[in-house]
Structures are given as C-alpha cells and as structure tokens.
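K.L.:
Quick one: structure below, then a few questions.
Every read-out reported here was derived from the displayed coordinates using simple, explicitly stated rules and does not represent laboratory data. Since we're looking at a predicted model, the values are computed, not measured. We place every Cβ from the backbone using ideal geometry, glycine too, and count neighbours over all the protein chains shown.
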Amino acid sequence: MNMKTMHQRRSLCPISFSLEMVGDLWSLLIVRDIIYFGRKTYGEFLSSDEGIARNILATRLVQLEQKGILLKKPHPTDGRKDVYELTEKGLDLIPILLDMAEWGAKHEPETAGSEAWLQEVNMGKEALIQLIRETVQEGGSIFVGKENVLSKLQNAK
C-alpha cells in the first residue's frame, strides 16, 4: 500500500476499513432496505421506519455509489426516478447484516426479529446467504415481493 492510500484511511486494520465504507447507521439501513424489503428508490428509502432526513439520504446514496456498494440506474418506467442496486461489493454485506440481526435479536428481545427467521439463518447460513444473494440480484428481497426469500424457503419445505 502506498503512502497516499494510507493517508486516506485511519489505519491498516480491516475492521476500520469496513467501518469507513459502511459504518454509519444510515448506510447500513439503506443496504438493509434493499436486501430485506426490496426497496430501490429514494422515495422507498425515505419511507423506512427510522425516518431518515432527505439530505442525509441523498448524501448516503451518493457515498454508497462512490464507494462501489450501490449502482444507480434510471427507473425502467418512470424517467423522473432512479433505482439503486447492490454491486457485488454490496451483496457481500449480506452475511454481515444477518449476523447483526442475529446479535441484535439475541441481546434485545424487544426487537422485531422473528424467531422463525433467526432459526432459518442458523440452520444453513451459507446456503441461505447464496439464496438471498441470488434473490436480491434478481430484484427480490428477503421479506417483500412475490418471489421473496421467506416464501422460497417455505415452498422448499
């Protein structure tokens, strides 16, 4: 690594690098919204329960695109909108989000983490990650939409 790259990062620690890429609350929630709920547009992200401010959302979308986590494309039917998709780098965050959800549900029982979903996550994590990855690449999500991961898992039983 050259000195120029070193000055752009706080340290050579891979955890520090990861946090610099997506370590703030809003960035991870945008990625979560794509993976878990199939949200793809500015307006859909704005409707999340956490109530992100418009200026913060706009800034985070630009940052995630610049960091190579999101790809912005014109909406296929509405020229006034853009849609956001995860890149390969963004899809690689799936296992991290699953682990964070599991950790949060374990340590805060009042979270909305479904016990059945957490059991699915633990039963075959690698296969589940691959199924989520493929579903999100096809435009789906974990919980929302016709071909969501949860329904695929239920149909496979």
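K.L.:
What ranking of ILE96, ILE132, ILE142 emerges when the number of other C-beta atoms within 10 Å of each C-beta is taken as an exposure proxy, fewest first?
P.N.:
Placing the least packed residue first, the sequence is ILE96, ILE132, ILE142.
K.L.:
Going by how many other beta carbons lie within 10 Å of each one, how would you line up VAL149, VAL22, fewest first?
P.N.:
With the sparsest Cβ surroundings first, the list reads VAL22, VAL149.
K.L.:
Could you please rank LYS125, LYS146, LYS157, placing first whichever residue has the fewest other Cβ atoms within 10 Å of its Cβ?
P.N.:
LYS157, LYS146, LYS125
K.L.:
While we're looking at this one, here's another question. 5 Å is the cut-off here: which amide hydrogens, built 1.01 Å from N in the peptide plane, fall below it relative to THR87, excluding neighbours closer than 5 in sequence?
P.N.:
The list, which skips near neighbours in sequence, is LEU70, LEU71.
K.L.:
Per-residue HN-Hα couplings for the stretch 90-100, Karplus 6.51 cos²θ - 1.76 cosθ + 1.60 at θ = phi - 60°, whole Hz, x for Gly and Pro?
P.N.:
x, 4, 5, 7, 3, x, 5, 5, 4, 5, 5
K.L.:
Oh, and also: Show that you can apply the helix-only estimate: for the chain, add -39,500 (n - 2.57) for every DSSP H stretch of four or more residues, divide by all residues, and state [θ] at 222 nm to the nearest 500.
P.N.:
-17000 deg cm²/dmol
K.L.:
Further, regarding this structure: Give me the one-decimal Kirkwood hydrodynamic radius in Å for the chain, with the sum taken over alpha-carbon pairs.
P.N.:
Its Kirkwood hydrodynamic radius stands at 16.8 Å.
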